[in-house]
Amino acid sequence: MIQSKLLSFENWKKWLWSFVRYTLILGLAFVILYPILQKISTAIKDKSDLYSPIVVWIPQNYSLNNFKQVISIMDYWETLLNTFSLSAVTTILTAVSCALAGYGFARLKFKGSNLLFAGVLLTILVPPTTILIPIYLNLKDFTLMGLIPLLTGKPVNLLNSYWPFILTSMTANSLKAGLYIFIFRQFFRGIPKEVEEAAYIDGASIGKTFMRIMLPNAVPAIITVTLFSFVWQWNDSFYTTTYLTSSKVMATQLSSLPYNLAIQLDGGDASKADPFYLSMVQDTGILMAILPLIIIYLFVQRYFVESIERTGIVG
Amino acid sequence: MRKGLKLGITRTYAQQKAFWGFLYVLPWLLGFIFFFLIPLISSLRYSLSTITANAQGMTIEFIGLKNYIEALTVNTSFNRTLTESIVNMVVNVPLIVIFSLFLAVLLNQKFFGRSVARAIFFLPVILASGVILSLESTSLIQAVNDQNAGGSGAINAFSSFELQRLMLEAGFSESIVLYLTGAVDRIYEIVSLSGVQILIFLAGIQTISPQLYEASKMEGATGYEAFWKITFPMVSPLILVNVVYTIIDSFSRNALTDLIRETGFTKFNFGLSSAMAWIYFLCIAVILAISTFLISRKVFYHE
């Protein structure tokens with residue numbers, strides 16, 4: 001009798017807790033998804049529904065007009081291709097250079113390597129704003145220590161090309177690269193030394209050990225870094241708006257979308273444009289910019305969540 | 001070893017390793033020097049001088065601390081923006097860290113639909129970065145919908161208002177109440193900024209060995225006690241990591257960054273802009289040092 005009562009009390013507690021948990025999780029999930037849902041509902045609305053008081057979520061007249069507008073104003077397909085190739089190139093280069101540096105710092109100690117690693121931490125800590133202007137000026141008249149003027153006679157202007165991104169990611173100094181080096185280093189430190197030593201005894205060189213033994217073991221770290229780097233490069237407006245002022249990539253197109261919209265939508269007269277309609281098209285633009293990311297995320301989120309759990313971030 | 005012999009030099013195993021280590025780090029080192037160290041030094045130099053563009057390019061003239069003095073005393077918006085961003089950061093960091101620890105514990109439990117919930121909670125890692133966040137805050141549609149529907153917005157305000165009254169009457173101090181209700185109102189901002197932190201905490205919680213929990217259960221500990229006696233100490237190093245990460249993460253999106261860029265690139269006052277950036281960096285460094293010092297005393301390490 002008493003025991004069953006106790007049991008039922010325990011049961012009660014369990015049910016109550018799982019109810020509270022579901023409420024919390026559903027509520028917060030709604031908070032996260034709300035802007036996306038709202039954008040979708042806005043994007044498929046017709047202009048006439050904008051002021052209709054009975055339309056809140058589900059539009060009365062569906063229309064794809066917003067999408068058409070955005071595609072033409074943002075030059076969507078070209079922008080998509082540009083952004084994709086830029087993100088892909090920087091991601092691959094960043095992953096390679098950061099993996100090398102991470103392995104070097106983790107396992108191949110040399111004199112002063114700890115001091116250099118302090119340098120990596122410094123790159124994480126210094127806000128990018130602090131060094132933005134000198135880098136900008138440096139890239140504007142890029143000399144590579146006076147080498148290029150010797151060959152061609154004058155410095156080259158690297159702005160408005162992909163070179164700033166390629167160079168910085170090749171040398172593991174792109175956006176948040178310090179963090180990636182840190183992740184790789186922690187991960188490689190977590191792989192048992194015996195694995196490596198066995199490879200050396202079997203006659204593998206250091207390069208071969210890295211390629212054949214360490215890298216295949218580091219797949220979780222590689223996935224994490226490539227995902228982070230791809231996504232952050234895609235969304236980055238800090239560097240892209242500085243380096244690429246006229247090239248068409250998603251971030252610059254998005255940040256200039258409000259102005260372009262006002263100019264192009266209502267026949268060039270920005271003052272006549274309806275701000276709510278502009279905002280509607282702008283929301284559609286944001287939706288279309290993140291849509292590729294969401295699609296990619298749907299496919300890789302399983303690996304993402306799993307891999308981060310096994311990454312060495314935790315130390 | 002073979003390579004060493006070919007060159008006529010015999011290297012020990014350790015030397016060879018050191019050589020390759022240097023080679024692996026070399027790309028980063030080059031980038032570090034060219035794209036970080038030299039710019040950092042010249043930024044410091046710019047901040048101490050006035051820069052004028054002319055036919056020969058630029059002339060840099062040393063003027064001492066004048067730029068710093070101008071930023072702090074003459075410029076109309078710098079002081080205000082600086083304090084605002086720092087206050088924002090100080091307010092947000094504890095909320096984000098506590099919130100993400102709580103969610104990580106929650107997402108670590110077994111329940112139906114856990115993988116879906118996890119996928120949704122990591123979505124902000126993708127969505128809430130860079131340009132999207134800044135554009136989102138200006139979305140008129142969102143504002144209009146909130147008004148039109150009369151729903152979510154009003155209910156939100158209402159609920160936090162009620163909560164506020166309830167807590168005030170229960171005798172909490174006013175500043176704490178305002179802080180907490182402010183957090184309720186800014187829930188989207190906090191959720192969207194805590195994606196990476198949740199990931200880090202979740203990863204940390206999963207490395208705690210289940211034996212500890214089993215043993216504590218045998219001894220009769222409740223879930224609440226297990227959290228404070230096991231989970232919390234075990235993830236305390238990660239609290240430090242997350243605090244540092246959150247502080248650094250807030251660099252990339254605040255009003256001060258915009259002000260610094262505007263001064264540099266639209267007014268072309270490179271000297272002043274660099275001085276502002278350095279003041280900002282020093283403030284951040286001080287905050288980081290203080291918080292690291294305070295937290296690391298409480299952190300529990302295995303050794």
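Derivation of every value follows stated rules applied to the coordinates shown; laboratory data play no part. Remember, predicted model here, so these are calculated numbers, not experimental data. Cβ placement follows ideal geometry from the backbone for every residue including glycine, while neighbour counts extend to all protein chains displayed.
A full extension of the chain between B:Gln15 and B:Val299 corresponds to an added length of 98.5 nm, given 0.36 nm per residue minus the alpha carbon distance. If I model a spin label at A:Ile92 and A:Ile124 as a point 7 Å from the Cα along the Cα→Cβ vector, what separation in nanometres do I get? That separation, rounded to one decimal, is 2.8 nm. Each residue, A:Tyr34 and B:Ile176, gets one label point 7 Å from its Cα in the Cβ direction; the gap between the two is 2.7 nm.
Between B:Leu65 and B:Asp258, the FRET efficiency estimated from the beta carbon spacing at R0 = 22 angstrom works out to 0.35.
The mean number of Cβ atoms from other chains found within 10 Å of a Cβ in peptide A:224-231 is 2, as a whole number. Computed from label points 7 Å out along Cα-Cβ, the spacing between A:Asp75 and A:Lys14 is 6.2 nm.
In the neighborhood of B:Glu219, defined by Cβ-to-Cβ distances under 13 Å, what is the net charge if each Lys or Arg adds +1 and each Asp or Glu adds -1? Neighbourhood net charge equals 0. Classify the stretch A:2-43: rounded, prolate or oblate, from the alpha-carbon gyration tensor (a ≥ b ≥ c, eigenvalue square roots; a/c under 1.5 rounded; otherwise prolate if a/b is larger than b/c)? Here the stretch A:2-43 falls in the prolate category. Ordered by the number of other Cβ atoms lying within 10 Å of each residue's own Cβ, fewest first, B:Arg45, B:Arg261, A:Arg185 fall into the sequence B:Arg45, B:Arg261, A:Arg185.
With R₀ set to 30 Å, the beta-carbon distance separating B:Phe112 from A:Ile296 gives a calculated FRET efficiency near 0.70. Taking Cβ atoms as reference points and 12 Å as the exclusive limit, the residues near B:Gly195 contribute a net charge of 0, counting Lys and Arg as +1 and Asp and Glu as -1. With R₀ set to 56 Å, the beta-carbon distance separating A:Ile54 from B:Thr222 gives a calculated FRET efficiency near 0.65. Packing-based ranking of A:292-303, A:65-76 yields A:65-76, A:292-303, ordered from highest to lowest mean Cβ neighbour count within 10 Å.
For the residues of A:27-36, the average number of beta carbons from a partner chain within 10 Å of their own beta carbon is 5. Taking 0.36 nm per residue of sequence separation and removing the Cα-Cα distance, the A:Ile201/A:Val156 pair yields an extension gain of 11.3 nm. Using the structure shown, select from A:Lys14/B:Lys229; A:Lys193/B:Lys298; A:Lys176/B:Lys66; A:Lys39/B:Lys267; A:Lys109/B:Lys229; A:Lys111/A:Lys193 the pairs with a Cα to Cα distance greater than 28 angstrom. Result: A:Lys193/B:Lys298; A:Lys176/B:Lys66; A:Lys39/B:Lys267; A:Lys109/B:Lys229 exceed 28 Å. Which of the three applies to the stretch B:74-121, rounded, prolate or oblate, going by the alpha-carbon gyration tensor with a ≥ b ≥ c and a/c under 1.5 meaning rounded? Taking the square roots of the gyration eigenvalues as a ≥ b ≥ c, the stretch B:74-121 is prolate. Remark: mean inter-chain Cβ contacts per residue of A:178-188 equal 1, using a 10 Å Cβ-Cβ cutoff to other protein chain atoms.
Taking Lys and Arg as +1 and Asp and Glu as -1, the other residues whose beta-carbon sits under 12 Å from that of A:Leu159 total 0.
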